[in-house]
């Protein structure tokens, strides 16, 4: 089964060449937010007084999800979603999720050189998972009832600024309005909806912080 983080990566990568359509800061924050959202949908975490708390510490069976859950449990105090998005936005996590998709036969791993830099791209090997995902999301964007996973995923897609690139044929205003409507619906009960809203805001804030830090470092030669 694909997780929200896996589905986000499928939407973010161009099918033909496997190049990401958004920057690494946006993508890493999105993946981190998607992992946190997955824990919320699995009822492992909840929002308590605006902060993430463990509701059930039992393992999910997914190494990345279980590592994040254990980290939250070991911390000992509830923290805002932004804290955990920032702690989890590492390219190693993204690489592990991509390796998982390669192992599943969904993506293919290709190496190429740009000048003297070696880069790894992940073009699609099996298009069916993304085709099924896009069909589900397009139905929701077109007005069909939103299931819990689609609502959570679209919230993260919007937060990491992928929505216009993932759905270029959908009018921007219509897309924003529908995403806002979907993510505000009581699709999974008030508690989970609040968690997703908190994660969405955290991803946006983390992206801004990462971009500012990168720009400042470049300007100072750091």
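Within region 80-118, being in a loop (DSSP other than H, G, I, E, B) and either surrounded by 14 or more Cβ atoms within 10 Å (Cβ to Cβ) or more than 18 Å from the chain's Cα centre (by Cα) (or both) holds for 80, 89, 104, 105, 106, 108, 109, 115, 116. All conditions but one from (1) assigned to a helix (DSSP H, G or I); (2) farther than 22 Å from residue 2 by Cα; (3) without any contact (Cβ under 8 Å) to a residue 60 or more places away in the chain apply to residue 39; the one that does not is (2).
Taken over region 119-147, the criterion of being surrounded by 17 or more Cβ atoms within 10 Å (Cβ to Cβ) and more than 15 Å from residue 11 (Cβ to Cβ) is satisfied by 121, 146. Tell me, yes or no, whether region 51-63 has at least one residue that is out of contact with any strand residue (DSSP E or B) (no Cβ under 6 Å at 6 or more places or on another chain), loosely packed, with under 13 Cβ neighbours inside 10 Å and part of a helix (DSSP H, G or I). Scanning region 51-63, I find at least one residue that is out of contact with any strand residue (DSSP E or B) (no Cβ under 6 Å at 6 or more places or on another chain), loosely packed, with under 13 Cβ neighbours inside 10 Å and part of a helix (DSSP H, G or I), so the answer is yes. Return yes or no: is residue 152 at pLDDT 70 or above, in contact with a helix residue (DSSP H, G or I) (Cβ under 9 Å, 6 or more places away or on another chain), closer than 15 Å to residue 25 by Cα and not in a loop (DSSP other than H, G, I, E, B)? For residue 152, the condition - at pLDDT 70 or above, in contact with a helix residue (DSSP H, G or I) (Cβ under 9 Å, 6 or more places away or on another chain), closer than 15 Å to residue 25 by Cα and not in a loop (DSSP other than H, G, I, E, B) - is not met.
Please verify whether region 161-183 includes one or more residues that are modelled with pLDDT under 90, in a helix (DSSP H, G or I) and closer than 19 Å to residue 35 by Cβ. For region 161-183, residues modelled with pLDDT under 90, in a helix (DSSP H, G or I) and closer than 19 Å to residue 35 by Cβ: present. Looking at 86, 121, just one residue is in contact with a strand residue (DSSP E or B) (Cβ under 6 Å, 6 or more places away or on another chain) and in contact (Cβ under 8 Å) with a residue 40 or more places away in the chain, and that residue is 121. Tell me, yes or no, whether region 70-79 has at least one residue that is in a strand (DSSP E or B) and touching a residue at least 40 places away in the same chain (Cβ under 8 Å). Scanning region 70-79, I find no residue that is in a strand (DSSP E or B) and touching a residue at least 40 places away in the same chain (Cβ under 8 Å), so the answer is no. Pairing each residue of region 172-183 that is surrounded by fewer than 19 Cβ atoms within 10 Å (Cβ to Cβ) with any residue that is modelled with pLDDT of 85 or more, provided the two are 6+ apart or on different chains, yields C-beta distances under 8 Å for 172/164; 176/158; 176/163.
Residue count for region 5-34, restricted to those that are at pLDDT 95 or above and out of contact with any strand residue (DSSP E or B) (no Cβ under 9 Å at 6 or more places or on another chain): 5.
The values are calculated or read from the model by the stated rules, or taken from the named source; none is laboratory data. Quantities reported herein were computed from a predicted structural model and do not represent experimental measurements. For neighbour counting, all protein chains shown are included, and Cβ atoms are generated from backbone atoms with ideal geometry for every residue, glycine included.
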